[in-house]
Amino acid sequence: MHVSNTHPHDAQRNTRHDGFYDVAIIGAGVVGCATARRFALAGARVVLIEKGTDILSGASKANSAILHTGFDAPPDSLELELVRAGREEYLSIHKELGLSLVHTGALVCAWNAEEHESLHGIERQAHANGVQAVRPLSASQARTLVPALSNRLVAALEVEGEHVIDPWSAPLAYVTQAMALGATVLRATELLHGTFDGTWTLQTSTGTLRAGAVINCAGLYGDRVDRCLELPERFEICPRKGQFVVLDKAAFSHVPRIILPVPTAITKGIVICPTAFGNVLIGPTAEEQQDRTRASLQTSTLEALLHRGAELLPVLRNMPVSATYAGLRPATEQKAYRVYNAPGHRAITLGGIRSTGLSAALGWRRMLCAFTSSSARR
Ligand SMILES: Cc1cc2nc3c(=O)[nH]c(=O)nc-3n(C[C@H](O)[C@H](O)[C@H](O)COP(=O)(O)OP(=O)(O)OC[C@H]3O[C@@H](n4cnc5c(N)ncnc54)[C@H](O)[C@@H]3O)c2cc1C
């Protein structure tokens, strides 16, 4: 993936870029790319600042690529609102932008009596979250959908609306659309410091910019960027690593649905998931760590993932492994997204988007539109 600095029509549109932007977005992860698109669509002069040499240098480069329905999101939460709105927007634009969408549906699988009991609560929660297309299945009904499921399965809950997508092309398309609308993208440019005196002056590693408003989409560095902008300290990023094994395409036909475990308060758990590229993922783990940059792999953990996969779908035993990888979730001390609007400073922090950001990224329409009318085009 490669995004060029600035926008494709620079020569014709130079007059729009006098060093002052309506909105500066810090961080070109999926959230920053979607936010750039949203403001560009609203007609704002946008600059997207990314410290990496290309977009998706942080959490967004390595995830499970599920477009969630929000069936198990915390009820009445901002996360639920954004996941639902983001999914809806993705479904409405994917054809126009040429983006992949694989309708798999998911099975939440119960492997013992206690988990079976939990399925009732998950079904109620899905309904309360506005996700009606869920239905309880007996083990044999579930096995008609996924014949490879182990005969240890006790019961399952089908969630019809879950999809998988390509997690890289989607944000690339968002930022490309923003650039076509005139947005400037500055790669290899780190925000160092910002001050606000009615407008923002932003010092970066490649020069100084001015902007009417700032949106912090810095993912794993969201807390530090708030500090650089002299905004109040309201959260701390606590990276949560997820390791994955990618199985060969031979596994794909055995996993026509996303196989989910009963989630816990901390994690959605180990998923067995088809990909938009015809492979199968097993993962992710949920491991707290201090390091915000390195997502290392442990052989013993990868072996345990393979073992778990083969326990649940015995046909996956000895399936060739194509790749392994790990990603870091921008988790914080709380489960909730850390989204703050500082209207006095014309700044929004979209922080702590830990584990559903690919689904939620397009969902900020309502909030950002309100902000656009008050901040952009001043
Ligand atoms: C293991 C795992 C599995 C997941 N599975 C799913 C899933 O199936 N479905 C789903 O919807 N979501 C999933 N997610 C969550 C999703 O990947 C994240 O919510 C999302 O990537 C967060 O994006 P972001 O843009 O907020 O952060 P990031 O992707 O971290 O982007 C922030 C960007 O800011 C840049 N930056 C930081 N500091 C500065 C600075 N000072 N100046 C300039 N740039 C800066 C960084 O380089 C980075 O590129 C998963 C995440 C993980 C890790």
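Every number here is computed from the coordinates shown, using simple stated rules; none is lab data. This is a predicted model, so every value here is computed, not measured. Ideal geometry is used to build each Cβ from the backbone, glycine not excepted, and the neighbour counts take in all protein chains shown.
Length gain on complete extension for the stretch L41 to Q289, per 0.36 nm per residue less the alpha carbon to alpha carbon distance?
85.5 nm
Report the Stokes-Einstein translational diffusion coefficient (µm² s⁻¹, integer) for segment 95-166, Rh taken as the Kirkwood radius over Cα pairs, at 20 °C with viscosity 1.002 mPa s.
162
In a solvent-free Debye calculation with one equal scatterer on each Cα, what is log10 I(q)/I(0) for segment 177-271 at q = 0.10, 0.11, 0.13, 0.24 Å⁻¹, listed in the order of the q values?
-0.52, -0.60, -0.73, -1.30
If you wrap the chain's Cα atoms in a convex hull and average its projection over all directions, what's the area in nm²?
17.8
Which distance in nm do the two modelled labels at R366 and R210 give, with both placed 7 Å along the Cα-to-Cβ direction?
Here the modelled spin labels are 3.6 nm apart.
Divide the volume of the convex hull of the Cα atoms of segment 262-331 by its number of residues and quote the answer in cubic angstrom per residue.
For segment 262-331, the hull spanned by Cα atoms encloses 117 Å³ per residue.
In the chain, what percentage of the DSSP-assigned beta bridges are antiparallel, given to the nearest 5? Don't skip to the end; give the middle numbers.
Values: 47 of 67 bridges.
Expressed as a percentage, antiparallel bridges in the chain total about 70.
In the neighborhood of A331, defined by Cβ-to-Cβ distances under 13 Å, what is the net charge if each Lys or Arg adds +1 and each Asp or Glu adds -1?
+2
Mind pulling up the Rg/Rh value for segment 207-317? Radius of gyration and Kirkwood radius, both on Cα.
With Rh from the inverse mean 1/r over Cα pairs, Rg/Rh is 1.13.
Can you tell me the FRET efficiency between F252 and T195 if r is taken as the Cβ-Cβ distance and R0 is 56 Å, rounded to the nearest 0.05?
0.60
Students often get this wrong: which residues of segment 162-196 have the backbone nitrogen under 18 Å from the point 7 angstrom along Cα-to-C-beta of E96?
170-183
Taking only Cα atoms, what is the 0 to 90° angle, nearest 10, from helix 113-128's long axis to the longest principal axis of the chain?
Its long axis makes an angle of about 40 degrees.
Can you flag which of K241/K268; K61/K241; K95/K241 are past 22 Å Cα-Cα?
Exceeds cut-off: K95/K241.
Roughly what % of DSSP beta bridges within segment 23-159 run antiparallel, to the nearest 5?
Working: 10 of 14 bridges.
Approximately 70 percent, going by the DSSP bridge assignments.
Counting Lys +1, Arg +1, Asp -1, Glu -1, what net charge surrounds A62 among other residues with beta carbon under 15 Å of its beta carbon? The partial results should precede the final answer.
Details: positive: K61, R240, K241, R292, R294, R329, R354; negative: D54, D166, E287, D291.
In short, +3.
Among C228, A128, A148, flag the residue with its Cα farthest along the positive direction of the charge dipole of the chain, charges on Cβ as +1 for Lys/Arg and -1 for Asp/Glu.
Of the listed residues, the answer is C228.
By how many nm would the segment from A304 to S140 grow when fully extended, if each residue of separation counts as 0.36 nm and the alpha-carbon distance is taken off?
56.4 nm
On a C-alpha basis, how far is the centre of segment 121-182 from the centre of segment 58-119 in Å? Whole number, if you could?
6
I'd like the Kirkwood hydrodynamic radius of segment 227-378, using the inverse of the mean 1/r over distinct C-alpha pairs, in Å.
Details: mean 1/r = 0.0563 Å⁻¹.
Every distinct Cα pair counted, the radius reaches 17.8 Å.
Give me the Å³ per residue figure for the convex hull around the C-alpha atoms of segment 17-159.
Normalising the Cα hull of segment 17-159 by residue number yields 156 Å³.
How charged is the neighbourhood of V321? Take every other residue with its Cβ under 13 Å from the Cβ of V321, and add Lys/Arg as +1 and Asp/Glu as -1.
Net local charge, V321 excluded: 0.
List the GluC sites (Glu not before Pro) in segment 213-310 that DSSP assigns to loop (not H, G, I, E or B) and whose Cβ has at most 15 other Cβ atoms within 10 Å. Which are they?
Filter output for segment 213-310: E230, E233, E236.
Starting from the alpha-carbon convex hull of segment 146-189, give the projected area averaged over all orientations, in nm².
Seen from a random direction, the Cα hull of segment 146-189 projects 6.4 nm² on average.
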